[in-house]
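To start, the structure under review is shown below, and the notes come after it.
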Amino acid sequence: MPSIFLLFGGSGRTGQITARAATRAGYQLLAPSHVECPLEDAEAVSDLVLHSKAAVVVNCAAISGLEACAANPLQAHLVNAVAPAAMALACRHTGARFIHLSTDYVLDGRRAGLKNESAKCRPAGWYAESKREGELEVLEALPEALVARVSWICGNPARPAFVEQALARALRGEPLAAVADKYSLPTDAEDIARVLLSLAEGEAHGILHLCSLGEPCSWWECAHTALQEAVACGTLPAMPPLVRQELDKVPFFREPRPRHTAMDATRLFTMGIPMPTADECVRRVARRFLAALTGC
């Protein structure tokens with residue numbers, strides 16, 4: 001009988017891709033919906049893990065909207081911190097392998113440059129604070145757990161992110177703008193799923209930075225690269241204007257965003273797990289999205 005792969009957040013941008021990857025890998029997938037297992041209910045979460053007979057438990061679930069977390073900080077705390085801790089503690093009892101996804105937003109965003117796993121954390125806002133609390137709670141409950149920080153997830157055409165959204169607006173002929181003074185690294189959801197399946201069979205634990213390689217880039221640079229790929233593909237006749245925005249002047253960003261959170265993925269590289277550069281990631285994601293729309 002195939003091993004059971006219990007996936008929380010299976011309907012999300014990363015979860016959808018991970019669910020397909022786990023099934024292809026031969027696991028018996030168990031991906032409860034929010035109705036089946038509300039993450040605000042730690043007891044329900046714990047009971048599900050304890051009785052699932054899962055060999056691997058992966059948590060891709062989170063409330064990731066910064067404004068949503070600020071509007072309901074208690075829910076953010078329950079979903080982003082308490083629920084992962086309950087999963088970890090239950091895995092401690094069952095012996096299941098546990099991998100929890102976190103975010104680059106927990107890092108100190110005041111200084112430029114790549115940051116490794118030992119870099120200082122300085123979460124700003126309810127989202128980042130709840131995610132950092134989740135990291136600490138998970139590793140306290142289960143030191144053998146793996147906390148994989150991810151950044152700027154894209155690559156799921158069914159759940160478009162900033163790269164795909166820029167392409168969609170360009171194809172509709174709409175004005176284009178992107179923040180040019182906030183820096184991290186984009187990560188393809190397909191790469192995240194591939195790495196998660198590899199790590200599910202290993203013993204790596206602690207904090208791990210799971211992102212593309214290369215130097216920090218901005219949303220503007222990512223969008224520009226995606227548009228270049230659309231022109232090369234012939235989907236766009238020419239490069240459209242792309243306005244540079246300032247992070248502090250985006251009107252619908254009511255909560256603080258860290259400015260410099262690009263992660264150093266050296267630990268992942270030394271484990272023999274390949275990752276594309278940021279440029280390769282964005283171009284591949286762009287081609288996948290354009291193919292889904294136009295067959296390019």
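Where a number appears in this text, it was derived from the coordinates with a stated rule and is not lab data. This structure is a prediction, so every number in the text was calculated from the model and none was measured. When we count neighbours, we look across all protein chains shown, and the Cβ atoms used for this are built from the backbone with ideal geometry, even at glycine.
Tabulated results
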item: Scattering curve values for the range 189-236, log₁₀ I(q)/I(0), Debye with Cα scatterers, q = 0.18 Å⁻¹; result: -0.76
item: Violating pairs (Cα-Cα greater than 21 angstrom) within the set K131/K249; K53/K131; K120/K182; result: K131/K249; K53/K131
item: Two-decimal Rg/Rh across the range 189-296, once Rg and the Kirkwood Rh are taken from alpha-carbon atoms; result: 1.03
item: Convex hull volume per residue in cubic angstrom - Cα atoms of the range 1-113; result: 124
item: Contour excess over end-to-end distance, with Cα ends at R24 and S198 and 0.36 nm allotted per residue; result: 61.4 nm
item: Cα gyration tensor of the range 153-206 - equivalent ellipsoid semi-axes, whole Å, descending; result: 31, 14, 5
item: Paramagnetic reach from R92 (point 7 Å along Cα→Cβ, amide N under 17 Å) across the range 147-163; result: 147
item: Fraction of antiparallel bridges per DSSP, the chain only, in percent to nearest 5; result: 10
item: The chain: angle of helix 13-24 to the longest principal axis, Cα-based, in degrees nearest 10; result: 60
item: Residue among C281, C222, C233 with the largest mean-square fluctuation in a Gaussian network model of the chain, springs linking Cα atoms under 10 Å; result: C233
item: Net lengthening on full extension, Q228/E280 (0.36 nm per residue, minus Cα-Cα); result: 17.5 nm
item: Amide hydrogen neighbours beyond the local backbone of M263, cut-off 5 Å, H modeled; result: K115, L185
item: Interatomic Cα distance distribution for the chain, bins of 5 angstrom, percent; result: 1, 6, 12, 16, 18, 17, 13, 9, 5, 2, 1, 0
item: Helix 219-233 vs. the chain, principal-axis angle (Cα, 0 to 90°, nearest 10); result: 70
item: Q75 paired with S118, simple spin-label distance in nm, labels 7 Å along Cα-to-beta-carbon; result: 4.0
item: Karplus-derived 3J(HN,Hα), 6.51/-1.76/1.60, for each residue of the range 275-284, Hz, glycine and proline x; result: 9, x, 6, 4, 4, 4, 4, 5, 5, 5
item: Separation in nanometres of the label points that stand 7 Å from Cα toward Cβ, at L136 and A68; result: 2.5
